[in-house]
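Q: This structure is in structure tokens; I'll ask about it shortly.
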Amino acid sequence: MTFGYSNPFIKSREQQERLREASLSCSDKQMQSYILCGVGYHNGGLSLKDRNLIEGLFLNGDVQVLCTTNTLAHGINLPAHTVVIKSTQHFNKEKGLYMEYDRSMILQMSGRAGRPPFEDTGMVIIMTRRETVHLYENLLNGCEMVESQLLSCLTEHLTAEIVQLTISDITKAIEWMKCSYLYVRMKKNPGNYAVKKGIRREQVEKHMQEICVQNVNELSCHQMIQTDQDGFALKPQEPGRLMTKYYLKFNTMKHIIQAPSSCSLEEVLQIICHAEEIAWIQLRRNEKKLLNDINGDKDGRLRFHVTDDKGKRKKRIQTREEKIFVLANDCLTGDPLVPDLSMTQDANSICSNGARIAKCMKEYFIYKKNYREALNSSLLAKSLYQKLWDDSPYLLKQLPGIGMVTAKALHSMGIKSFETLAEADPRRIELVTGRKFPFGNHIKESLTSLPPKVDIKIEVSECHRQGKSKLAVTLTRLSSQGVQSTKRHYADMVGYPNVSSYYLISH
């Protein structure tokens, strides 16, 4: 265009006019000038509004060329005629080096080309290095060699086999590994598994045995399993059982085991923020301002904040773990400020994974007889599952049929708890929420999904044997609540030794 040529991506004056209007509504300054030329870009750093804008322009054909990151492989609906993958490598932050994309991701990107009903044909151009050309030729011909992925999660699988008593000693552990696809591929392609090429078969076996012994020693060191004096027999321990029961990563379980002896609710949440299950969440540059504002918390919404060494609120969020901590606290208010779709998805993943990790922590702390920590973990698990703190003003969101708008309307008329909702007039509920009959009746009927009210009575009697007290705990159901729910409810009763404090936590 600089040398007098016409723009090949602008087909008509009407298209040019639509692009000019779209550029005015775009908040990204660079994007504004690119849109006018029929070109755009798409990545996780754009705001939700700009992403929706550019997706719409591309689907309509007004934007002819779209440069994207690997968001193209993550379910974004952007069908095209031609897809150019300009590199098959990405930078892995954890390992600090460039690695090839998974074949599945390359296939997902390629699948955007020539999708009906938009196109009859499609083209994919893959640009890669000479030494990796054969990988993509094999992919094209459907004869790609599949490598084992067991090595990266060997510790977790080995623990599961020991817990199930499939493996009872080192010899059986080595036999189990020799029956795996990992062993098959280690012999065929040793270089892919950090084994030198051109070595003899017995050397591959020795390397595999070293890996097995190293994993067993690490599990024993962190109390996941127990070994005899010779280090031969293998027995599962409670932490290993819990890790297997809740499908946790080994590093996450190590964080739980290394938790301080007196673990507060905030510290339990911090452990979850460092969990490997949500380590894929990234801190993007365009998210920092919003996260800083949320952590500043001028309205006093958040229960916990990211703080510095002096206990003052941090003005700048700088790490992935800090982002996770802020998102979790924002979500648990019941009325999150995060408007961005990608950050909302991150928050949902934090809550779903966090609830599972917190349940594991609860059982681990009970095993260690740390009952206060168990109580904190149980409360956090329940809060993350419901995406609400137990003292949130929007507790009614837990009921089916009540969203944020309805919860706020009920809050404005003083209905903030299940008790006040049970006493409220259905017609007044419909009036305040702007809904039609019989919405009020349905909302009140939803109370039957709650656990029944229970009164707890504890009687303590002295027992002269060994100086111990005898407790008699009586649970009395207070109300039938009308129609009985078919849903089963559970509760944990947590009591502190030598203290007359008991909590009944239903979930």
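The values are calculated or read from the model by the stated rules, or taken from the named source; none is laboratory data. Bear in mind that the values here come from a model prediction, so they are computed numbers and not experimental data. Using ideal geometry, Cβ is built from the backbone for each residue, glycine included, and neighbour counts are taken over all protein chains shown.
Q: Among the numbered criteria (1) assigned to a loop (DSSP other than H, G, I, E, B); (2) over 22 Å from Phe9 (Cα atoms); (3) of a type outside the set (Phe, Trp, Tyr); (4) without any contact (Cβ under 8 Å) to a residue 40 or more places away in the chain, which single criterion is violated by Met109?
A: If we test Met109 against (1) assigned to a loop (DSSP other than H, G, I, E, B); (2) over 22 Å from Phe9 (Cα atoms); (3) of a type outside the set (Phe, Trp, Tyr); (4) without any contact (Cβ under 8 Å) to a residue 40 or more places away in the chain, just (1) comes out false.
Q: Checking the structure you have, find out if any residue of region 300-308 is aliphatic (A, V, I, L, M), more than 22 Å from Lys416 (Cα to Cα), in a loop (DSSP other than H, G, I, E, B) and in the same structural domain as His274 (by TED's automatic domain parsing).
A: Looking for residues that are aliphatic (A, V, I, L, M), more than 22 Å from Lys416 (Cα to Cα), in a loop (DSSP other than H, G, I, E, B) and in the same structural domain as His274 (by TED's automatic domain parsing), one finds at least one in region 300-308, hence yes.
Q: From Asp340, Asp425, Asp346, which residue is surrounded by fewer than 20 Cβ atoms within 10 Å (Cβ to Cβ), within 30 Å of Gly44 (Cα to Cα), in contact with a helix residue (DSSP H, G or I) (Cβ under 9 Å, 6 or more places away or on another chain) and of a type in the set (Asp, Glu)?
A: Asp340
Q: Could we say that Leu107 is surrounded by fewer than 12 Cβ atoms within 10 Å (Cβ to Cβ) and either assigned by TED's automatic domain parsing to the domain that holds Tyr193 or under 31 Å from the mean Cα position of the chain (by Cα) (or both) here? Give the derivation first.
A: Details: surrounded by fewer than 12 Cβ atoms within 10 Å (Cβ to Cβ): no; either assigned by TED's automatic domain parsing to the domain that holds Tyr193 or under 31 Å from the mean Cα position of the chain (by Cα) (or both): yes.
So Leu107 does not fit the description; no.
Q: So Lys368 ticks every box in (1) in contact with a helix residue (DSSP H, G or I) (Cβ under 6 Å, 6 or more places away or on another chain); (2) surrounded by fewer than 23 Cβ atoms within 10 Å (Cβ to Cβ) but one. Which box is left unticked?
A: The one condition Lys368 does not meet is (1).
Q: Right, next: For Lys436, work out the one condition from (1) surrounded by 14 or more Cβ atoms within 10 Å (Cβ to Cβ); (2) within 14 Å of Gly401 (Cβ to Cβ) it doesn't fulfil.
A: (1) is the only condition that Lys436 fails.
One line per residue, one yes/no per condition, for (1) farther than 21 Å from Glu363 by Cα; (2) without any contact (Cβ under 8 Å) to a residue 24 or more places away in the chain:
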{"site": "Trp176", "(1), (2)": "yes, yes"}
{"site": "Tyr183", "(1), (2)": "yes, no"}
{"site": "Ala194", "(1), (2)": "yes, yes"}
{"site": "Val213", "(1), (2)": "yes, no"}
{"site": "Phe232", "(1), (2)": "yes, no"}
{"site": "Pro236", "(1), (2)": "no, no"}
{"site": "Leu242", "(1), (2)": "no, no"}
{"site": "Tyr246", "(1), (2)": "no, no"}
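Q: Counting only residues that are exposed (fewer than 14 other Cβ atoms within 10 Å of the Cβ) and under 21 Å from Pro116 (Cβ atoms), how many does region 29-58 have?
A: Residues meeting the conditions: 1.
Rundown of residues vs (1) assigned by TED's automatic domain parsing to the domain that holds Gln345; (2) under 20 Å from Glu287 (Cα atoms); (3) without any contact (Cβ under 8 Å) to a residue 40 or more places away in the chain, yes/no style:
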| site | (1), (2), (3) |
| --- | --- |
| Glu21 | no, no, yes |
| Gln30 | no, yes, yes |
| Ile35 | no, no, yes |
| Gly45 | no, yes, no |
| Val65 | no, no, no |
| Pro79 | no, no, no |
| Phe91 | no, no, yes |
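Q: Looking at region 24-33 only, could you name the residues that are under 17 Å from Leu59 (Cβ atoms) and either assigned to a helix (DSSP H, G or I) or touching a strand residue (DSSP E or B) at 6+ places or on another chain (Cβ under 8 Å) (or both)? Give the steps one after another, and end with the answer.
A: Going through region 24-33, the residues under 17 Å from Leu59 (Cβ atoms) turn out to be 25-26, 31.
Across region 24-33, the qualifying residue is only Met31.
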